[in-house]
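Engineer: Please read through the structure below; I'll follow up with questions.
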Amino acid sequence: MNKIDIACIIDDNPIFIFGAKRMMELSNFCNSFMVFKNGQEAINNLKVLMSSGESIPEIILLDINMPIMDGWQFLDEFTTIESHKLITIYIVSSSIDPVDMNRAKHYENVSNYIIKPISLETLNTLLKEVTQE
Amino acid sequence: MYFKLCLRKLKIIFAKQNSTIIYNILNNSEVKTLKNKKVSLFDFIQKQAAIGTWEYDIKLKTVQWSSQTKLIHEVPLDYEPTVELGLSFYRKGDSLNTISEAFTNCIEKHTDYDVEIQIITATGKYKWVRAIGTAIIENNECVKVQGLFQDIDEKTKNSKALAFKERQLSRTFETALVGMAIIDLKGNWIDVNKSFCNTFGYTKAEIQSLTFMDVTHPDDLEQDYKAMKAMLNGKVDHFEVEKRYLNKKRETIWTQLFVSIVRNSSGEARHFVAQINDLTEIKKSNHKVSQLLATTENQNKRLLNFAHIVSHNLRSHYGNLDMLLDIVKMDLPETTENEIFPLVEQAVSHLGETVANLNEVAAINIQKDLKTEPINLLKHFNTAFSSISALILESKTEITVDIDPKIVVKGVPAYLDSILLNFLTNAIKYKKPNEPAKIDINTNRDKEFVVLEIKDYGQGIDLKKYGDKLFGMYKTFHKHEDSRGIGLFITKNQVEAIGGKIEVESKVNEGTTFYIHLKTYE
């Protein structure tokens, strides 16, 4: 099975980051991680990386509720950055509010909406989707 | 006045028998007519003034009535009166007593009389008359009584009616629940009623020394001046406004004021009439209501916020716990092989369920502008029915359905699905242990609602014990493996969200009937 090179997690919750990383390791999901604690931090760093064309993540797991810059604001900013590489974005949130789910559908570059908690099966499904594309 | 003058002069006529004085009180044309027609002046006056004369000769015991007197009594002209007959016309009671006394006094004490009393005429009519009597004295002895008889019925009735109307009006003014006042053109309070005094705290005497300007809230004076001017100029004849006054304690009072201007017959402004309705209490309670509303809105917001916290924060903690347990299972499988780990797992899973349920309920309650649509009840029921057909077959449940295919209700399809399924599965779940479930479904209609009746013949619920808890969250009443105690709670919320309500009847070991009121679609 193919493996993702770099996976990016944007989430303010350290427990989720710990768990997600461990799950990814266990499921042999990716070679390396990139972790940002909020949207602003992610934008700042990704902008630099994308302009240099180096170490760009293939997949982003994006939380919605974060301090400083939340997931929606991140998406609005992110779509303005030019990229030569396809980056698949998944929203991973504990919100089961239909309003949030519908809002996610309005972003073209968002592939799916995943409700926390994530499990090994979730990661396997994602891996299949991303590597097949 | 004219009558009085006439009568006084007439008295003189009797005494002097001199008709020239009478000429003086009639104008020339009348006199000419009289002369031309040679009508007896005396008769003329009697007729015109509706005045008759009479005379009682004490020595001869004879009574004479003039023809006008007979007319007033409505007796024929050849009628021959006596004292007894004369008295018999007076209305018993005050009238008869008054005349008897006056007549007796006239003869015995030689006092004249002039009274207004009532007679009953020969044809049975009640009539007000003015009776005047005067004693003719010879040698210090009364020899005759002469007098006048005047029909004052119409005049008396009119003035009595007027007096009645005035009494009524002044009573209305005095006892009206609304404050009423008469104000002169300079703004002085001329007269006020009780209600006005209650509103303002001033006595009538106190307010009469003040003007409306003295008790008007300074900020509302300008509009009053303008309105007054417009009324005085004849641009408008009344004006209505919500305004503030100051009561005796100089506290602000809110009122509804209605003022109109009163003009005399030649159009001159005379005074203003004001009606002042005290709105202070209404304003106060309005304020209370709006405060309550604000509190409620605030609480609703907090509730929404609470729902949000449940939805996001609580869920995220649960998600983390669940994820960590998964990792522990994979990373440290040896730590899971004990009695405790499965219990922790179970606790976390229950936490997740609780959060999910809370979320569902919160979602129903906070959803504004719920999109309801017309739903054919029978069609919808059949769909729900087919989705649990396996369960029905397996449990050998016997269902009779009698739903009018024309019934269309107002609702949210997803809610109605959930409602129907919940009641059906409950009825099957809580059947009597040793026999298959039996369910009867009927509909009734009243004006606003369609009542869906779901009757089972199952275990029933002791409503005395559990009635108030039946639709509560996490309440179970049966020892059933699937009892979660959330179904009825959510169902009730859903029914209420689409404008309906649920009623229940139940007897232990006989069964339960739920009456689900759903809004008729119009």
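The values are calculated or read from the model by the stated rules, or taken from the named source; none is laboratory data. Treat the numbers as computed from the prediction; the structure is a model and nothing was measured. Neighbour counts run over all protein chains shown; Cβ positions are idealised from the backbone, glycine included. For the accessible areas, the whole protein counts, side chains as well, though only heavy atoms, and no ligand, DNA or RNA atoms are used. Shrake-Rupley method; radii C 1.70, N 1.55, O 1.52, S 1.80 Å.
Engineer: State all residues of region B:499-519 that are farther than 21 Å from B:P413 by Cα, in a loop (DSSP other than H, G, I, E, B) and not β-branched (V, I, T); if no residue qualifies, say none.
Structural biologist: Across region B:499-519, the qualifying residues are B:N509, B:E510.
Engineer: Hey, does region B:364-378 have a residue that's more than 14 Å from chain A (Cβ to nearest Cβ) and closer than 23 Å to A:T122 by Cα?
Structural biologist: Checked against the condition, which is being more than 14 Å from chain A (Cβ to nearest Cβ) and closer than 23 Å to A:T122 by Cα, region B:364-378 yields no hits at all.
Engineer: Are any residues in region B:244-259 in contact (Cβ under 8 Å) with a residue 24 or more places away in the chain, surrounded by fewer than 20 Cβ atoms within 10 Å (Cβ to Cβ) and assigned to a strand (DSSP E or B), and if so, which ones?
Structural biologist: Answer for region B:244-259, where residues must be in contact (Cβ under 8 Å) with a residue 24 or more places away in the chain, surrounded by fewer than 20 Cβ atoms within 10 Å (Cβ to Cβ) and assigned to a strand (DSSP E or B): B:R244, B:L246, B:T252, B:W254.
Engineer: Here is a further query. Please state which of the following conditions A:P98 fails to meet, knowing it meets all the rest: (1) away from chain B (no Cβ under 13 Å); (2) surrounded by fewer than 18 Cβ atoms within 10 Å (Cβ to Cβ); (3) out of contact with any Phe, Trp or Tyr (no Cβ under 9 Å at 6 or more places or on another chain).
Structural biologist: Condition (1) is where A:P98 drops out.
Engineer: Show me the strands (runs of 3 or more DSSP E) entirely contained within region B:114-232 in which 1 or more residues are in the same structural domain as B:I253 (by TED's automatic domain parsing).
Structural biologist: Result: B:179-184, B:189-192.
Engineer: To continue, here is another question. Which one is nearest to B:I375 (Cα to Cα) among residues in region B:391-421 that are in a helix (DSSP H, G or I) and open to solvent by 30 Å² or more (accessible area, probe 1.4 Å)?
Structural biologist: B:P413
Engineer: Answer yes or no as to whether B:L303 is aliphatic (A, V, I, L, M), in contact (Cβ under 8 Å) with a residue 12 or more places away in the chain and within 14 Å of chain A (Cβ to nearest Cβ).
Structural biologist: no
Engineer: Continuing with this model, one more query. Restricting the search to region A:1-46, which residues are small (G, A, S) and open to solvent by less than 10 Å² (accessible area, probe 1.4 Å)?
Structural biologist: Selection gives A:A7, A:G19, A:A20, A:G39, A:A42.
Engineer: Now for a separate question. Conditions first: (1) in contact with a Leu (Cβ under 7 Å, 6 or more places away or on another chain); (2) within 12 Å of chain A (Cβ to nearest Cβ); (3) aliphatic (A, V, I, L, M). B:A274 passes all but one, so which condition is the exception?
Structural biologist: Every condition holds for B:A274 apart from (2).
Engineer: Which of (1) part of a helix (DSSP H, G or I); (2) surrounded by 14 or more Cβ atoms within 10 Å (Cβ to Cβ) does A:Y107 not meet, given it meets every other one?
Structural biologist: Unmet for A:Y107, out of (1) part of a helix (DSSP H, G or I); (2) surrounded by 14 or more Cβ atoms within 10 Å (Cβ to Cβ): (1).
Engineer: Now a separate question. Read through the list (1) in contact with a helix residue (DSSP H, G or I) (Cβ under 6 Å, 6 or more places away or on another chain); (2) open to solvent by less than 70 Å² (accessible area, probe 1.4 Å); (3) assigned to a helix (DSSP H, G or I), then give the number of the only condition that A:E77 fails.
Structural biologist: (2)
Engineer: Here is a list: B:D331, B:D369. Which entry is at positive phi and either modelled with pLDDT under 85 or open to solvent by less than 70 Å² (accessible area, probe 1.4 Å) (or both)?
Structural biologist: B:D369
Engineer: How many residues does region B:50-83 contain that are free of Cβ contacts under 8 Å to residues at least 24 places away in the same chain, farther than 14 Å from B:I119 by Cα and part of a helix (DSSP H, G or I)?
Structural biologist: The number of residues fulfilling the criteria is 0.
Engineer: Moving on to the next point. Is there a residue in region B:271-281 that is of a type outside the set (D, E, K, R), surrounded by fewer than 15 Cβ atoms within 10 Å (Cβ to Cβ) and at pLDDT below 90?
Structural biologist: For region B:271-281, residues of a type outside the set (D, E, K, R), surrounded by fewer than 15 Cβ atoms within 10 Å (Cβ to Cβ) and at pLDDT below 90: absent.
Engineer: Oh, and also: Working carefully through the options B:N442, B:N426, find the one that is in contact with a helix residue (DSSP H, G or I) (Cβ under 7 Å, 6 or more places away or on another chain), touching a residue at least 40 places away in the same chain (Cβ under 8 Å) and of a type outside the set (D, E, K, R).
Structural biologist: B:N426
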